[in-house]
Each structure stands twice: as structure tokens, then as C-alpha cells.
Amino acid sequence: MSAMAWSVALSLTLLVFAVWTGVRLLGVERGYPLMPLMSFTPYVAAASPLPLVAALASRHWWHAAATLAITVALARCVLPRAMPGAGTGAARGSGPTDLRVLTANVLFGRGDPEQLLAVIHDRQVDLLALQEITPSGEKALDAAGLATLLPHRVSHPEHGSGGSALYSRYPLTDGGLRRLEAGHTQAYATLARPGAAPVLVESAHPCAPNSQETALQWAVEVAEQPAATPDGPVRLLLGDFNATLDHAGLRTLVNTGYRDAAAVTGAGLRPTWPFALFRLPPVTIDHVLADRRIGVLDAAVLPIDGSDHRAVYAELVLPSAAGT
């Protein structure tokens, strides 16, 4: 390849990375396909050193400098999710305000009930949020022993992908259902953990931005998710957001006063979808968003056979009732 052709190739590559980085930094992804494409930012960040090496090897110093700036910018966006941070108010151990939560999209109720119950038992889960739960799926979970482990529920199973439910070891009050415009529902309630402040919990499920129409609707549904209330009730929002932390809408929601539990513990780049039906590079679209007053001790991404999503587990420490 001639020097001119090499320079043109480097320039075009630099332009692609620069545009992607600009969209990510400015949060200006709009519509389809930009919205779903932003999910793959960690892969773009991982690839960004390659044109830098090429530019250095060919002594294209201007290209190298620009590409280095892009690599650093993308690393600053992505790497913090893989670095454990301190959980505010959290002490390692089993205190009276510990809460172990699990969220799972069970794909039209097809998630393996025995495996899900084993996770609940082994991880001593206190609160389970399900998306896409169906009447037959809930019946199978109850047959496997769900009602024994988690006797309290706010459950609204539906045929198809619209169902939503919360199951808890502790009482749930003021339960209800939020129906989003695209058709998904979100079960919500107030959880009463003895010794802890009441927690408003909701099983989130905005639609997937997989077309121009749904991308616009997804942006609305993410924007309408319950914001954190740092000076009011403690909130916990968990579920399938169909969004990663590279989407401006989800970052805006987090910045109201939430923290992503997986990102706090260094597990924020572990993908949660797809794992059954598709062959796309997997991305992280399922989250546990905890009020910043909630301590985060641990988080994990766990397989659930029969579903195209992986479940997200988090071990939390709630603020005490006296501390609110």
C-alpha cells in the first residue's frame, strides 16, 4: 500500500472512531440504528488501540496523537465499570439490613424454574424481580417452590412479553402495576425489611430500540422510569432496561441518585444479553440500580437456561430505619 493510500485509510478509520466517540461523549444518539449501536461501545473501546498501533508503526504522528486521545476518552467511559468502588454505608458481613436481590428476564416465561429456584436458594435471595413472566411460567415457579422461599408477591403475569412481578421474603405493600406505552408492564411495591428504611422497588422493562419507532418509544420509556429521590423515599429499580451505561438516557436516570450495582463492584462489563437466540456480541442491558444511600457489597451475572438473558444478582445494605 502506498504512503498516500495508507494515510487515507488511517484518516477514514480515525473518522469512524472519532464520530463514535463524539456521539458517546455528547450523548446525542438519536433513533435507529444509533441507539442500539451505542450498546457496543465497549467493543469499540477495545478495538481503538489498533489504529493507534498502526499509526505509530507507520510514523503518522498526527493520526497517532488523535487516535490516542480517542482511546483515552473511550477508556474513561468504559473502564470504571470494571473497577470495584466503595459501597457507601456498606460493611462486609451480614447485618440486620442486608438485602439480596435478583432480576431476570425469563423470555415469555421459559426460564428454567428449577435453576432459578436453585439460584434463589443458594444466594439466599430476598427480592426477585421478573420480566416477561407468563401465567404458565409463574405456575411452574410455584410448583418448584417459589411461594415457600418468597411468600410475598406483586404479580401480574401476561401472555407474551408484557408480564412483570416482584417476589419477596419480606412484606410488600402499596403494590401496583405500571403499563408502558409499548406494552410492557412494571410491577412495583414498597418493601419492608425489618430494621431498614422502607424501599420503593420496581421491576423495570422499557421496550427494545430495535426499529425507528421503538427506538423513539424506548427513549420516552427510559425517561419516564422512576427517578431516584435522594431527599425522599429510598428506591431500588431493577430489571431489563434494554440499555447499557453507554446510553445517555440510562446515564441520566442513574445520575438522579442511583448507582449501578454491577458497575460499583467491578462487574459492570459482564454481558447479560443475548445468550440463546441470537449471535450478536453480548451486551449489558440488565441492571440493578440502587439508591446512593444503599450500600453495594457484591454483584454477579448468572445464567438462566431457557432465557436469552442472564440474571443479575446484587447483595445490598439498606439504610437503617433510624437513618432516614
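Since every read-out is calculated from the coordinates, none of them should be taken as a lab result. Just so we're clear, the structure is a prediction, and the values are computed from it rather than from any experiment. For neighbour counting, all protein chains shown are included, and Cβ atoms are generated from backbone atoms with ideal geometry for every residue, glycine included.
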A correct fewest-to-most ranking of PHE241, PHE108 by other Cβ atoms within 10 Å would be PHE108, PHE241
Along the range 227-244, what does the Karplus equation 6.51 cos²θ - 1.76 cosθ + 1.60 (θ = phi - 60°) give for ³J(HN,Hα), rounded to whole Hz, x for Gly and Pro?
-> 5, 5, 10, x, 9, x, x, 6, 10, 9, 10, 9, x, 9, 8, 6, 8, 10
Set the Förster radius R0 to 45 Å, insert the Cβ-Cβ distance between VAL16 and TYR170 as r into 1/(1 + (r/R0)^6), and round the FRET efficiency to 0.05.
-> 0.35
Taking amide H positions as placed in the peptide plane 1.01 Å from N, state which residues far from SER307 in sequence (5 or more) or on other chains have amide H under 5 Å from it.
-> ASP112
Percent relative contact order for the chain, counting Cα pairs under 8 Å at least six residues apart, stands at 21 percent
Using Cα atoms only, what is the angle between the long axis of helix 135-144 and the major principal axis of the chain, expressed in degrees (0 to 90) to the nearest 10?
-> 70 degrees
Considering only the other residues whose Cβ falls under 15 Å of the Cβ of SER48, what net charge follows from Lys and Arg at +1 and Asp and Glu at -1?
-> +1
With Rg from the Cα atoms and Rh as the Kirkwood inverse mean 1/r over Cα pairs, the range 98-323 has an Rg/Rh of 0.93
Per residue of the chain, what 222 nm ellipticity follows from adding -39500 (n - 2.57) for every DSSP H run with n ≥ 4, rounded to the nearest 500?
-> -10000 deg cm²/dmol
Convex hull volume of the range 1-47 per residue (C-alpha atoms, cubic angstrom) = 84 Å³
Per-residue HN-Hα couplings for the range 27-41, Karplus 6.51 cos²θ - 1.76 cosθ + 1.60 at θ = phi - 60°, whole Hz, x for Gly and Pro?
-> x, 10, 5, 9, x, 9, x, 4, 4, x, 4, 4, 4, 8, 4
Using R₀ = 30 Å, calculate the FRET efficiency as 1/(1 + (r/R₀)^6) where r is the Cβ-Cβ separation of SER58 and LEU26; round to 0.05.
-> 0.50
Label-point separation, VAL8 to LEU68 (7 Å along Cα→Cβ), nm | 2.8 nm
Euclidean distance of C-alpha centroids, the range 102-178 and the range 44-60, integer Å = 47 Å
Expected sort for MET35, MET83, MET4 with the fewest Cβ neighbours (10 Å cutoff) up front is MET4, MET83, MET35
Once amide H atoms are placed 1.01 Å from N in the peptide plane, what residues at a sequence separation of 5 or more from GLY175, or on another chain, have their amide H within under 5 Å of its amide H?
-> THR190
For the chain, modelled as a GNM with alpha-carbon contacts under 10 angstrom, which of ALA314, ALA55, ALA45 fluctuates the most?
-> ALA55
Quick one: helix 113-122 against the long Cα principal axis of the chain, what's the angle to the nearest 10°, folded into 0 to 90?
-> 80 degrees
Would you mind ranking TYR32, TYR167 by Cβ crowding within 10 Å, fewest neighbours first?
-> TYR32, TYR167
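Counting each pair of different Cα atoms once, what's the Kirkwood radius of the range 234-324 in Å, rounded to one decimal?
13.7 Å
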Which whole-angstrom value gives the distance between the alpha carbon centres of the range 1-25 and the range 267-299?
-> 31 Å
